[in-house]
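> Take this structure first; my questions come after.
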Amino acid sequence: MSKCKRRNVAPDEQHVLDHGYLLLLSSGKDIAQCDEALGQHHYLGNGTLVGEHARYAFVYRGRWLAVATWSCAAFHLKDRDQFIGWSAEQCARRRSLLANNSRLLVMPDCHYPNLISRFMKLMLQRLSEDWQKRWGHPLALVESFVDPNLYQGTAYKVSGWSHLGKTAGWKRDADDFYVKNEAPKQIWVRELVKHACVKLRAPQLPPAWAQVEEPALVRCTTAVAQIRSLMESVEAEVAEFRRAQALAYPLPGLICLMVMAAAQGVMRGPQDLADYAETLSPAQLRALKFRTDPHTGDLRCPGKTTFTRVLHAVDDDQVERALVRWQDQVLGPRQDRIVIVDGKKVRHAGVEIVNAVDSQGRFLGSVITPSKTNEIPAARQLLRGQDVRGKIVITDAMHTLGETVQPILFEGGGDYLLTVKGNQTTLETTLANLFRQQGFSPSAHGADAGAPAGAQPEPVGDSLLGVCGGDAAAGRFSRSLAGRSLGDAG
């Protein structure tokens, strides 16, 4: 792409624009010809395309007048990410819905007026469809970089692109990943779909786009300083139980890695932990004190079998104490009054864990569900180990049972908010009768019209919905609920 002065379009030049066509380059011969042209005439040379990509040419009477390449979007681009408005995690999982116009070249002696804008228009009209056919998903937005010392980005401006600002002046490097080059570029973007940015930052992607999220690996974003802080807490609480000869991956480092993975939503078993571990940088691996391979000198990365062995042998209570201790150091004293209890099955591990968190997602504790049972007894065990005084415990309908209320209300001094479903017919009827039959002091209730106005009605049961201590006759609940559900207590 070179500069040229604006002038009127001659009749023969208009014929080129009207009868030229777009060609998607897919054969080995065409790809080689495109790469050769870029290597000879583009100021950046022929950029090697890795990952998802596409090449196009604008052809007139068998002659290539212009070529372009599209590749994966940049990993980190501050102005672009702010323009979209998505989080760092969304960017990592949804970046494949973006593409980068990495090269745009008009062949020498082919600088026809409006050729670039016509070429760009034709590409943008079919780019997402071609991407869907080749890579299995569409595109939502495209980006490109322009060197302001050489060009003004006119080709993008006239094609409806938006100029966001400049890059920070870094470039990708094979050795150090990113190095400073002191040559910031203009950033241009264009939505391929109406309201693409709104959809990209939404909690849920449209169904046609959602498929890109599942295979995307969650990358470790924890800073080295934070890893070292967590390591100090874990090393103070967790004792190493393995032989020194087998410590390529020290236990505190493995525990820290699992904690970081859980904090970023990786909670599906040993294989997912191994995939997450592969995203760590050398600096992060060193902070975890993982050792180098004696043959290659490279830092080792734990695999699925390592996590499987550790998860089955580590002391759960030690890990939990270390995690809560570090969490308190980072977040400060807990202020939230909500305790949410819920059970989750761990994929590939064959176990179910009942977790307690507050309304902000802060970890409070967990218990593994015993074999040949369900999460109900595990939740009671977890609640007995929690400080629920002055707190409100929230669970789903599975735990709407008298024995679950016992450690919350009478042993722990907390309150509860439980769900009642339609299949708990006795309890549902009891609740309905309580509000329909009980008088409201000081005036008589409509259901007891004979009571004198202002008279105090007879008590009809405990205000805690008859849980352990209410009037069994009027409140429909027994005084002793040991071993019985609220639904069976009528």
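> Can you tell me the equivalent ellipsoid semi-axes for segment 264-309? Use √(5λ) from the Cα gyration tensor, largest first, whole Å.
Equivalent ellipsoid semi-axes, largest first: 20, 13, 8 Å.
> Further question on the same structure: Please give the contour-minus-distance gain from ARG126 to ALA183: 0.36 nm per residue of separation, less the Cα-Cα distance, rounded to one decimal in nm.
The span from ARG126 to ALA183 would gain 17.3 nm if fully extended.
> Follow-up. Residue by residue through segment 187-201, what is 3J(HN,Hα) from phi via Karplus (6.51 cos²θ - 1.76 cosθ + 1.60, θ = phi - 60°)? Round to whole Hz and write x for glycine and proline.
In residue order, the calculated couplings are 10, 10, 9, 8, 6, 8, 10, 4, 6, 4, 5, 4, 6, 5, 9 Hz.
> To continue, here is another question. If I model a spin label at ARG242 and PHE435 as a point 7 Å from the Cα along the Cα→Cβ vector, what separation in nanometres do I get?
So the label points at ARG242 and PHE435 sit 5.6 nm apart.
> Amide H to amide H under 5 Å from ASN100: which residues, 5+ apart in sequence or cross-chain, H placed 1.01 Å off N in plane?
The answer is SER71, CYS72, ALA73, GLU143.
> If you find the alpha carbon centre of segment 286-322 and of segment 258-280, how far apart are they in angstrom?
12 Å
> Also, quick follow-up: Stick to the Cα atoms of segment 336-433, pair each with every other, and give me the Kirkwood hydrodynamic radius in Å at one decimal. All intermediate terms of the calculation are to be shown ahead of the outcome.
On the way: mean 1/r = 0.0712 Å⁻¹.
Taking the inverse mean of 1/r over all distinct Cα pairs, segment 336-433 comes out at 14.0 Å.
> Quick one: net charge of ALA140's neighbours, Cβ under 12 Å, K/R +1, D/E -1? Could you put the intermediate results ahead of the total?
Values: positive: ARG94, ARG95, ARG190, LYS194, LYS199, ARG201; negative: GLU143, GLU191.
With Lys, Arg at +1 and Asp, Glu at -1, the neighbours total +4.
> Using only Cα positions of segment 1-158, each an equal point scatterer, no hydration layer, compute I(q)/I(0) via Debye at q = 0.21 Å⁻¹ and quote the log10 values to two decimals.
-1.51
> Counting only protein heavy atoms and using a 1.4 Å probe, what share of the accessible area of segment 228-290 belongs to carbon plus sulfur, as a whole percent? The partial results should precede the final answer.
On the way: 1400 of 2730 Å².
Using a 1.4 Å probe with all protein chains present, segment 228-290 comes out at 51 percent carbon and sulfur.
> Still on this structure, please answer the following. Calculate, in nm to one decimal, what ALA313 and ALA88 gain on full extension: separation in residues at 0.36 nm each, minus their alpha carbon distance.
So the extension gain works out to 77.6 nm.
> Based on the alpha-carbon gyration tensor of segment 293-379 and its eigenvalue square roots a ≥ b ≥ c, which shape applies: rounded if a/c is under 1.5, prolate if not and a/b is larger than b/c, or oblate?
oblate
> To continue, here is another question. Between segment 374-402 and segment 16-78, how far is it from one alpha carbon centroid to the other, in angstrom?
Spelled out, the Cα-based centre of one part sits 61 Å from the other.
> Still on this structure, I have one more. Residues of segment 209-359: accessible area per residue at 1.4 Å, in Å²? Walk me through the numbers before you get to the answer.
Numbers: 8120 Å² over 151 residues.
Result: 54 Å² of accessible area for each residue.
> With a 1.4 Å probe and all protein chains left in place, how much accessible area per residue does segment 1-129 have, in Å²?
In whole numbers, segment 1-129 has 51 Å² accessible per residue.
> Return the distance in nm (one decimal) between the two label points of a simple spin-label model at GLU428 and GLN211, each offset 7 Å from Cα along Cα→Cβ.
Label-label distance for GLU428 and GLN211, simple model: 4.1 nm.
> Still on this structure, I have one more. Hey, if we sort SER102, SER144, SER359 by accessible area with the 1.4 Å probe, largest down, what's the order?
SER359, SER102, SER144
> Let me have the relative contact order for segment 180-337, percent, based on Cα pairs under 8 Å that are six or more residues apart.
Here the relative contact order equals 26 percent.
The values are calculated or read from the model by the stated rules, or taken from the named source; none is laboratory data. Quantities reported herein were computed from a predicted structural model and do not represent experimental measurements. Glycine gets a Cβ as well: all are built from the backbone with ideal geometry, and neighbour counts include every protein chain shown. The protein model used for the area step is the full one, side chains on, heavy atoms only, and it has no ligands, DNA or RNA in it. Shrake-Rupley method; radii C 1.70, N 1.55, O 1.52, S 1.80 Å.
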